[in-house]
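Presented below is the structure to which this report refers.
The values are calculated or read from the model by the stated rules, or taken from the named source; none is laboratory data. Everything numeric in this text was worked out from a predicted model, so none of it was measured. Cβ placement follows ideal geometry from the backbone for every residue including glycine, while neighbour counts extend to all protein chains displayed.
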Amino acid sequence: MRLRPMPAWVVNVILTLLIVALWPLNWLLVEYLNPYYFQMLISIGISIILASSLNLINGITGQFSLGHAGFMAIGAYTAGALMKHFEPTGMALWPTYLGVLLLGGLLAAVSGVFVGVPALRLRGDYLAIATLGFGEIINVVIVNTDSIGRLDIGGSSGLHGIPILTNFFWVFAWAIVCVVCVWRLAHSAKGKAFFAIREDEIAAAAMGVDTTFFKVAAFVIGAFFAGVAGGLSALWYGDLDPESFRFMRSIEIVAMVVLGGSGSVTGSVLAAVVLTALPEVLRQTRELRLIIYSLLLIGMMLLRPEGLLGKRELWWTPRRRHRPGEGAATPPAAA
C-alpha cells in the first residue's frame, strides 16, 4: 500500500519548526561540542549549499558549469567587504548580516545572467570552458582590485579583518532553504522542463519548452545560492584569499554533484557530507591522505559510475497518478 504524501502546509510547518530549532541547537553545540568538529559541521553546511545549487545547473538541467567558485567569490567579497566597512552593532547587526548575504547572492545571480545568456548556444565541453573562463576572470579582477571606493577588497593579499558572525544556525538554515528550493523546483510540474532539457534539448524545444528561460533560470538560482554560501564562508573564517576561489574549488563542487548522482538532490547532500568529512577523517594518515582520498574516488567511479544514488532520492518524490484506463505517462518535455 502506497503512503499518501503529507499536505504542503504540514511540510512547511515542519520545515519552519526545524529552522527555529537550529537556534538553541547552535547554543548547545557551541557550549559542548569540540571546536574542531563544530568547524567541520560549518564546512559541511556550506558544501551542501554549493553542491545542491550546482546540482540544479549540472545535474538537473544538464549544463556543465565550472564557474561555481566565481559565483561564490562574488558573494564572499561582497559580504566581507561590506561587513568590514560598516561594522554594525546592536539592533542593526543581524538585519545587516542578512542583508549583505542577500546582496551577495543577488550580485552573483546577476552575474549568472551574464554567464547564462551568452552561453546559451554552447553545450558540453564548450560551455564548461566558457564558465571556467568566467571564474578565472572573476579571480583576476579580485587580485587586481585593492579597493572599490571606500570598500577594501585586498587585492592579491586577500581581505582580512572581516567580523566573524556566521554560526551553525545561519549555515544550516540556508542549507535547508537551498535544498528545499531545489527539490521543489525540480519536482514541480514546471520543473520537469529542467529534466527535459537535460535529456534532449532539441526535443524539449519542439514540445514547447522555453529552453532559454529555463537554462538562464538554472544559472541564476544556482549562482544566487553559491553567492550566499560565499558570504557565509567569508563571515565564518574572517579572511578571504583569492586562491581559494580558483579552478580547483569548482572541481571540488563538481565532484560532489557527480559522486552523489547527477540529478539527485539528496545524493548531492550526501556527497557533500562525505567529501567534506573524508579529508578530515584521513588527516591522521598525513602524507598518504591525498593518495587514499584519490583512490577512494577513483574506486567509486569505477564501481558505481552513476554516483551514490544515481537519479534516485532518499525520500518520496511526487509522481503523477493515473486512473484506470488512462494512457501512458506524459513525456517530461510535454509536461
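Being closer than 29 Å to residue 134 by Cβ, surrounded by 14 or more Cβ atoms within 10 Å (Cβ to Cβ) and at pLDDT below 75 narrows it down to one of 293, 237, so name that one.
293
Every residue in segment 238-291 that is assigned to a loop (DSSP other than H, G, I, E, B) and out of contact with any Lys or Arg (no Cβ under 9 Å at 6 or more places or on another chain), please.
Answer for segment 238-291, where residues must be assigned to a loop (DSSP other than H, G, I, E, B) and out of contact with any Lys or Arg (no Cβ under 9 Å at 6 or more places or on another chain): 238, 239, 241, 246.
Write out, first by first residue and then by second, each pair whose Cβ atoms fall under 9 Å of each other, whose residues are 6+ apart or on separate chains, and whose first residue, in segment 222-248, is more than 16 Å from residue 42 (Cβ to Cβ) while the second is in a helix (DSSP H, G or I) and acidic (Asp, Glu).
246/136; 247/136
Which one of 174, 183 is crowded, with 16+ Cβ neighbours inside 10 Å and farther than 19 Å from residue 96 by Cα?
Criteria check complete, one pass: 183.
Could you go through segment 156-167 and let me know if any residue there is in contact with a strand residue (DSSP E or B) (Cβ under 7 Å, 6 or more places away or on another chain), part of a loop (DSSP other than H, G, I, E, B), among the small types (Gly, Ala, Ser) and touching a residue at least 40 places away in the same chain (Cβ under 8 Å).
yes
Does any residue of segment 24-40 turn out to be under 19 Å from residue 268 (Cβ atoms) and either of a type outside the set (Val, Ile, Thr) or in a helix (DSSP H, G or I) (or both)?
yes
Every residue, every condition in (1) within 30 Å of residue 313 (Cβ to Cβ); (2) hydroxyl-bearing (Ser, Thr, Tyr); (3) in contact (Cβ under 8 Å) with a residue 40 or more places away in the chain, yes or no:
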position: 48; (1), (2), (3): yes, no, yes
position: 61; (1), (2), (3): yes, yes, yes
position: 72; (1), (2), (3): yes, no, yes
position: 75; (1), (2), (3): yes, no, yes
position: 78; (1), (2), (3): no, yes, yes
position: 84; (1), (2), (3): no, no, yes
position: 87; (1), (2), (3): no, no, yes
position: 90; (1), (2), (3): no, no, no
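Please specify each residue of segment 59-90 satisfying the condition of being assigned to a helix (DSSP H, G or I) and at pLDDT below 85.
90
Is it the case, given these coordinates, that residue 100 is aliphatic (A, V, I, L, M), under 20 Å from residue 228 (Cβ atoms) and surrounded by fewer than 22 Cβ atoms within 10 Å (Cβ to Cβ)?
No: the conditions fail for residue 100.
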